[in-house]
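Peer 1: Just dropping this structure here.
The values are calculated or read from the model by the stated rules, or taken from the named source; none is laboratory data. Everything numeric in this text was worked out from a predicted model, so none of it was measured. Cβ atoms come from the backbone with ideal geometry, glycine included; neighbour counts cover every protein chain shown. What goes into the accessible areas is simple: the full protein's heavy atoms, side chains included, and nothing from ligands, DNA or RNA. Shrake-Rupley method; radii C 1.70, N 1.55, O 1.52, S 1.80 Å.
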Number of protein chains: 2
Amino acid sequence: MIEIYTVQEAQQGILRREMALEPEVPPALQARLDELFGAGSTPDTAVATILRTIRQQGDTAVRHWTAKIDRVELAQLAVDKEELGTAVSRIPADLADALRFAADRIRQFHSYQPLPNWTTTAMGGRLGQRVTPIQRVGVYVPGGTAPLPSSLLMGVIPAQVAGVPDIVVATPPGRDGRVPDVILAAAAITGVETVYTLGGAQAIGALAFGTQSIPRVDKIVGPGNLFVTLAKKQVYGVVGIDGLYGPTETVVVADETANPTWVAADMLAQAEHDVLATAILLTPSRELATAVQIEIARQLENLSRSDIIAISLANQSGIVVTANMDEACTLASAFAAEHTCIASANPQQWVDKIPHAGGLFIGERSFEVLGDYVAGPSHTMPTGGTARFASPLNVSDFVKISSIIELDDATSAQLSPIAARIAQAELLDGHARAAGMRVGD
Amino acid sequence: MIEIYTVQEAQQGILRREMALEPEVPPALQARLDELFGAGSTPDTAVATILRTIRQQGDTAVRHWTAKIDRVELAQLAVDKEELGTAVSRIPADLADALRFAADRIRQFHSYQPLPNWTTTAMGGRLGQRVTPIQRVGVYVPGGTAPLPSSLLMGVIPAQVAGVPDIVVATPPGRDGRVPDVILAAAAITGVETVYTLGGAQAIGALAFGTQSIPRVDKIVGPGNLFVTLAKKQVYGVVGIDGLYGPTETVVVADETANPTWVAADMLAQAEHDVLATAILLTPSRELATAVQIEIARQLENLSRSDIIAISLANQSGIVVTANMDEACTLASAFAAEHTCIASANPQQWVDKIPHAGGLFIGERSFEVLGDYVAGPSHTMPTGGTARFASPLNVSDFVKISSIIELDDATSAQLSPIAARIAQAELLDGHARAAGMRVGD
């Protein structure tokens, strides 16, 4: 069941952001870590071991860890081209149509994004920024309790729009040792030609360092479990990464006009992702709060993942009754949720009061599930309060800027003595000399 | 002295990118680590200790580590407002003018940068991306052998152009326990009101976690030494960071028309930064190669930092004779240097052949030293080959995107069954239900 809290209670509890540097490790996982990596291993040291061995031994280590961790002996690391090419025919036609439709909208959305490619001649010569695609990108697609073809679309398509010439996917094998057909079909729909049957830190290591059979990438994107996330952090700097993703979160800011049945359904959808998911309702309406609480209890019964939902509702989720909508917006922005939904008769008036949010779902017709699949923006969004400084995955994640400096002679001559003067203050006389000799000093 | 290499030698040597995960620790540093943090400490474990204690104890730990590492007892962590406000009057007037001139150009340059703020109504309702400034940013300004006011300008001004309302600076104390006046003057010129007398990992920890007297920031930017860089990596995720910076690098791509005196001066300027700096010339002209080698030997004698220069020239730098300019460009792009300079009578023809570079300095009048101080772009650029995926510090580093999803009723109704279909495939029936109930299922 979901609780109703006061603002004060919520601020001490579900709205409090912990800066978790060291994750809690459940006993079963600790036992497994001890078995595979030695007594007293932590997720971080286990990941370091996986990465080090992959860097040293390449494919052998990748196969070793896949056998140990995923209990799968891989004949080959990349999915056969034939198997990939025919995958769409192995999924239901209406599902293929839905994935194609979603892919088209995601592509259209990202194609509108402007990039900071510009030059000016107003500063003497030509100055500006050149934007070029990253050469080779790895998109990680998580496995887990069910295959997630939507995550493949949401990672691959913005990279394609950015012009990345070389995009590969890594995703863990299922229990049968294969990548599920629905993932392969999503890959085929985007046109991606390389899918590695690799998950966890071993996937990240293979992509970051390269192996005998896997060329290294320049950047790795996509969400994943704790081991994927720790591995991304450890290889950051060797390759680029998009961000570090934690459990998913939705905050609904609602006034008395909101439909409690819909609010409850949206919160249940959020909570079913996993036991660490967060669904929070912020509302000044005690009536809505109570109605949503009752609706959640009623709808929960019929959902297949009710066990997962019950845990996430009890642990991280809740309903908070605020003084007014302004306070609800202030709390939502401070929480800086991955998804923030505004359920109000006039939702636009609240948007500017929530500067920090990964995605803003404005009005009850723009519910979060549409954003998960088909609205257009990538569903890979900043979690854990990182929306204070980070953005949803977007086209700019797949390009990089080169600053362009092409001064005309007069401007160069004008700037040289100024550069020399600052260089002297920094005690860099080689700098001062290089500048001075351009103007005959 | 600087060596002349063949392409093959260079590819096995100076052009080879090592993926250094664990830095080499000189004996003197190891002794100091053992003394301060216990025998067998590594830079990484030392940084972890500093960060953990700052997180637990706040100001007390910040003062403790500053006393231990910088050998300075800080009366207060922030520079006095009066001392900051009057700093410009304590530096030479022509230096203040040079810093103001540089600041104006840096501000003008960044003000041209477009940001990906957009909406479209072409997809049914309103979809797009809202760009908002990050609330609070910390700019790290390194200390070291000389104060670097230019680094302050290059970090603070792009943040100001982005609209960051709350910008603070951290920079290590000098031997007298004070922040040098030239740094304070640069801060005052930009209008920054808060400068913390903090360096190293202790500065990064204080900014990332906050203390009793230092509010935590949302993002930390700027280059620093090994300990700053390791600390930035460790706090990444708690706060945003701009990147991980290693030693500075310049590659000059030159043809037979280049002026060997100028090329040599530019390489010497690069090499004087520190003993780990890299200066590489790629040229098909053996005549130029020899002339530059002679010029470097000649000019080196008169430079105050010749000891530093000699080491960086011998260890990481060199002159490489290529088959032609195309090969020089290919090698430069593969190296993906922080700075790539094109010295050629017609430099424009080579620009597109170098897709990977932090800054492109096009033509001999656009020499790298101007970029260090006054050309306009931030001199904080990606090092170590990270220009393959990373960008110079720019306005987009100081904003974040929120995806905007505000669908009209008809589009919402059209998309709901498609979302429900994919949700079913992902075994998320709470998602399917939330979508289905919008269209009466």
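Peer 1: As a test question: what accessible area, to the nearest 10 Å², does residue B:90 have when a 1.4 Å probe is rolled over all protein chains in place?
Peer 2: Roll a 1.4 Å probe over it and residue B:90 shows about 100 Å².
Peer 1: Percent antiparallel among DSSP beta bridges with both residues in chain B, to the nearest 5?
Peer 2: 25
Peer 1: What would the Debye formula give as log10 I(q)/I(0) at q = 0.17, 0.20, 0.26 Å⁻¹ for the alpha-carbon point model of region B:261-321, no solvent?
Peer 2: Here the Debye-derived log intensity ratios amount to -0.47, -0.65, -1.06.
Peer 1: When Cβ neighbours within 10 Å are restricted to other protein chains, what is their mean count per residue of peptide B:343-352?
Peer 2: Mean partner shielding for this stretch: 1.
Peer 1: Continuing with this model, one more query. Quote the relative contact order of chain A in percent (integer), defining contacts as alpha-carbon pairs under 8 Å separated by 6+ residues.
Peer 2: Relative contact order of chain A: 20 percent.
Peer 1: What's the percent breakdown of Cα-Cα distances in region B:48-102 across 5 Å bins, shortest bin first?
Peer 2: Per 5 Å bin, starting at zero, the Cα-Cα P(r) for region B:48-102 comes out as 4, 16, 16, 14, 12, 11, 12, 11, 4, 0 percent.
Peer 1: So how many Å³ per residue does the convex hull of the Cα atoms of region B:9-80 work out to?
Peer 2: Considering the Cα atoms of region B:9-80, their hull volume per residue is 149 Å³.
Peer 1: From the label point of residue A:56, set 7 Å from Cα along Cα→Cβ, how far away are the matching label points in the other copies, in nm, ordered shortest to longest?
Peer 2: So the distances to the same position in the other copies read 3.2 nm.
Peer 1: Within chain B, which is the longest segment containing none of the GluC sites (Glu not before Pro) that sit in a DSSP loop and have at most 12 other Cβ atoms within 10 Å?
Peer 2: Longest stretch, sites excluded: B:74-300.
Peer 1: Taking the Cα atoms of region B:295-441, report the difference between the largest and smallest coordinate on each principal axis, in whole Å and largest first.
Peer 2: 84, 34, 30
Peer 1: Moving on to the next point. Based on the alpha carbons, how large is the Rg to Rh ratio for region A:388-441 when Rh follows Kirkwood?
Peer 2: For region A:388-441, the value is 1.28.
Peer 1: A further question on this structure: Would you mind checking B:353/B:400; A:233/B:400; B:81/B:219; A:81/A:400; B:81/B:232 for any pair whose Cα atoms are more than 25 angstrom apart?
Peer 2: B:353/B:400; A:81/A:400; B:81/B:232
Peer 1: What span do the alpha-carbon atoms of region B:155-310 cover on each of the three principal axes, reported in whole Å from largest to smallest?
Peer 2: Over region B:155-310, Cα extents along the principal axes are 62, 34, 28 Å.
Peer 1: Then there's this: Total Å² of accessible surface buried at the A-B contact, 1.4 Å probe, nearest 100?
Peer 2: Chain pair A/B: roughly 11800 Å² of buried accessible area.
Peer 1: Need one value for B:375-382: mean number of C-beta atoms belonging to other chains within 10 Å of its residues' C-beta atoms. Provide the component values of the computation, followed by the final result.
Peer 2: Working: counts 13, 10, 8, 1, 1, 0, 3, 4.
Across B:375-382, the average partner-chain Cβ count within 10 Å equals 5.
Peer 1: Give the residues of region A:242-274 whose amide nitrogen is closer than 18 Å to a point set 7 Å from the Cα of residue A:1 in the direction of its Cβ.
Peer 2: Hits in region A:242-274 for residue A:1 at 18 Å: A:264, A:268.
Peer 1: Return the tail of the calculated pair distribution for region B:192-270, meaning the percent of Cα-Cα pairs more than 18 Å apart.
Peer 2: In whole percent, the long-distance tail amounts to 53.
Peer 1: Can you compute the radius of gyration and Dmax for region B:144-215, using only the Cα atoms, both in Å?
Peer 2: Expressed in Å, the Cα Rg and Dmax of region B:144-215 come to 12.1, 35.
Peer 1: With each run of n ≥ 4 DSSP H residues scored as -39500 (n - 2.57), what mean residue ellipticity at 222 nm is computed for chain A after dividing by its residue count and rounding to the nearest 500 deg cm²/dmol?
Peer 2: Calculated at 222 nm, the ellipticity per residue is -13000 deg cm²/dmol.
Peer 1: With a cut-off of 8 Å between alpha carbons and a minimum separation of six or more residues, what is the relative contact order of region A:140-260 in percent? Display every interim value, and only then the final one.
Peer 2: Working: 161 pairs, mean separation 27.3, N = 121.
Relative contact order, region A:140-260: 23 percent.
Peer 1: On to the next question. What's the long-distance tail for the protein assembly as shown, i.e. % of Cα pairs beyond 48 Å?
Peer 2: For the protein assembly as shown, the fraction of Cα-Cα distances above 48 Å is 22 percent.
Peer 1: At 7 angstrom along the Cα-to-beta-carbon line, where would the label on residue A:97 sit relative to the other copies? Give the distances in nm, shortest first.
Peer 2: Its label point is 7.5 nm from the equivalent points in the other copies.
Peer 1: Averaged across B:137-150, how many Cβ atoms of other chains sit within 10 Å of each residue's Cβ atom? Intermediate values should be presented prior to the final figure.
Peer 2: Numbers: counts 1, 0, 0, 0, 0, 0, 0, 1, 3, 5, 3, 5, 3, 7.
Mean number of neighbouring Cβ atoms from other chains: 2.
Peer 1: Still on this model: Short version: what are the Cα gyration tensor semi-axes of chain B, square root of 5 times each eigenvalue, largest first, in whole Å?
Peer 2: Output for chain B: semi-axes of 40, 32, 23 Å.
Peer 1: Next up: If I compute solvent accessible area with a 1.4 Å probe over the protein chains, what percent of it on chain A is carbon and sulfur? Could you put the intermediate results ahead of the total?
Peer 2: Values: 7940 of 15570 Å².
Roughly 51 percent, rounded to a whole number.
Peer 1: Shifting gears a bit: How much accessible surface area, in Å² rounded to 10, belongs to the heavy atoms of residue B:176 with a 1.4 Å probe?
Peer 2: 110
Peer 1: With charges only on Cβ, +1 for K and R and -1 for D and E, what is the dipole size of chain A about its Cα centre, in debye, rounded to 20?
Peer 2: 1220
Peer 1: Moving on. Residue-wise, which Karplus ³J(HN,Hα) couplings in Hz belong to region A:402-414, taking 6.51 cos²θ - 1.76 cosθ + 1.60, θ = phi - 60°, and x for glycine or proline?
Peer 2: Ordered by residue, 3J(HN,Hα) equals 10, 6, 10, 10, 9, 7, 7, 4, 5, 5, 4, 5, 5 Hz.
Peer 1: Also, I was wondering about something else. Based on the Kirkwood radius over alpha-carbon pairs, what value in µm²/s does the Stokes-Einstein equation return for the translational diffusion coefficient of region B:108-190 at 37 °C and 0.692 mPa s? Walk me through the intermediate numbers first.
Peer 2: Numbers: Rh = 15.0 Å.
Estimated diffusion coefficient is 218 µm²/s.
Peer 1: Run a plain Debye calculation on region A:259-363 (Cα atoms as equal point scatterers, no solvent) and give log10 I(q)/I(0) at q = 0.10 Å⁻¹, rounded to two decimals, same order as the q list.
Peer 2: The Cα Debye sum returns log10 ratios of -0.26.
Peer 1: Here is a further query. Assume the label is 7 Å from Cα along Cα to beta carbon: what separations in nm does residue B:17 have to the matching positions in the other copies?
Peer 2: Inter-copy label distances (nm, one decimal, shortest first): 3.2.
Peer 1: Hey, could you pull the Cα Rg and Dmax for region A:1-150, both in Å?
Peer 2: Cα-based Rg and Dmax for region A:1-150 come out at 23.9, 66 Å.
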